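Worksheet for the structure shown next.
None of the figures in this text is laboratory data; all of them are computed from the coordinates on show. Since we're looking at a predicted model, the values are computed, not measured. Every residue, glycine among them, receives a Cβ derived from its backbone with ideal geometry; neighbour counts consider all protein chains shown.
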Amino acid sequence: MGGIIWCVLPPHTMDFSPLMPKSDCVAVWYSESGRNSFHNPRAIMTILSDWLAAQSVDPKLTSVMMTMANASIEIAAVLRHAAITGQTRLAGHTNVQGEAQKALDVISNDIIANHIEKNPEISILVSEELNEAVHIKNQGAYLVATDPLDGSSNLDVNVTVGTIFSILDARKGLLQPGSAQLGAGYAAYGPATSLVITFGPSAAAFTLDDQGVFVLTAEKLNIPVASAEYAINMARERLWDAATMGYVAENVAGETGPAGKRYNMRWVGSMVADVHRILMRGGIFMYPLDSENAAKGGRLRLLYEGNPMALLVAAAGGRSTTGRQSVLDVVPTNIHQRVPVVLGSADEVKRVEAWYGRE
Ligand code: AHG
Ligand code: MN
Ligand code: MN
């Protein structure tokens, strides 16, 4: 059912227009029941810019968050029409990691670079799609590391993909552990576009409305400690180490095994979609070291996949590990470094850690 968005204007506003930005409203709410709702407003809405302004965080840092949010709004618009414009095709070249780039990987990277260029607070861009870190300008205290389009192999089948990003102090260099992150987030481009962000202590979720404004939909995400859902690429089972093998075998055994409860397996194959599910309702996501990816250090990238997701999960009360240490404690040796990633509900991650502890 459709609804109505109510906007309360400041006193003496003479030039009301339906296209007026919501930031001009002194209060906004949404109601499903139409005009009668005036007597029964369903909820007061908070928009991203207002929420950011209310955080006790340096406004320069919140401007970086806004820049990434604005870039994601533009990427979402491109993705909506990508199948029609034929942009889901391969770009015809590979990135520094030897992976085939899709046209949209390159387009998303360019959109982010354009937005970052306009923000004087950001001096350095690290991207999955760029071989080297780009020193955009001399001034600016922040570095953004990003996976502009995560899960791009899912683009041709219209499955949720996303943009992941990490914010660091640019003066501290390129190779900082995840624990040094000043903020992180992702946009998930699904049936709705979600933006999930953190400055460390908590994680909040926003949903993009029809007017292109992010509206707060969950102020403090809380990953349940216990869960019965796991996400792993099962096709790699023969390559797994003993710890992964042992943990997953216990889950598969369900109520007849030592876990004593039945598990479900869920795997989208876009990290953003799999981690979004976990932030919303719990579970565990695993891309462990295996005999094939061990030479590269794992599958996922530390700076712009493992670290931002690990910070978000920690902010929501979850846990992360490489198997040996918290993902957030790994000190990178290069910007495109890969890392094993296990994250999600604390009890499940602890079970995986216990398996690694037995080795
Ligand atoms: P990207 O599209 O940015 O290269 O990342 C894809 C990642 C991640 O989204 C997902 O969890 C993982 O790759 C899936 O990889 P496999 O299909 O190779 O298992
Ligand atoms: Mn990715
Ligand atoms: Mn990517």
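For the reader, a short list of remarks on this structure follows.
- The packing ranking, built from the mean of other Cβ atoms within 10 Å per residue, places the peptides 337-346, 252-261 in the order 337-346, 252-261, highest first.
- If the chain linking Ala100 and Asp50 were pulled fully straight, counting 0.36 nm for each residue of separation and taking away their Cα-Cα distance, it would gain 14.0 nm.
- Label point distance in nm, Val159-Arg238, each placed 7 Å from Cα along Cα→Cβ: 2.2 nm
- Residue-averaged 222 nm ellipticity for the chain, from DSSP H runs of 4+ at -39500 (n - 2.57), nearest 500: -8000 deg cm²/dmol
- Gaussian network model of the chain, Cα within-10 Å springs - most flexible of Gly98, Gly151, Gly178: Gly98
- Put a dot 7 Å past the Cα of Leu90, heading toward its Cβ, do the same for Asn114, and the two dots end up 2.7 nm apart.
- Rounded, prolate or oblate (a/c below 1.5 giving rounded, otherwise prolate when a/b exceeds b/c) for segment 283-359 by Cα gyration tensor: oblate
- In the chain, the inverse of the mean reciprocal separation of distinct Cα atoms equals 21.3 Å; this is its Kirkwood hydrodynamic radius.
- Applying a threshold of 32 Å to the alpha-carbon distances of Lys172/Lys296; Lys118/Lys220; Lys102/Lys350 flags Lys102/Lys350 as lying beyond it.
- Highest GNM mean-square fluctuation among Leu303, Leu90, Leu155, for the chain modelled with Cα contacts below 10 Å: Leu90.
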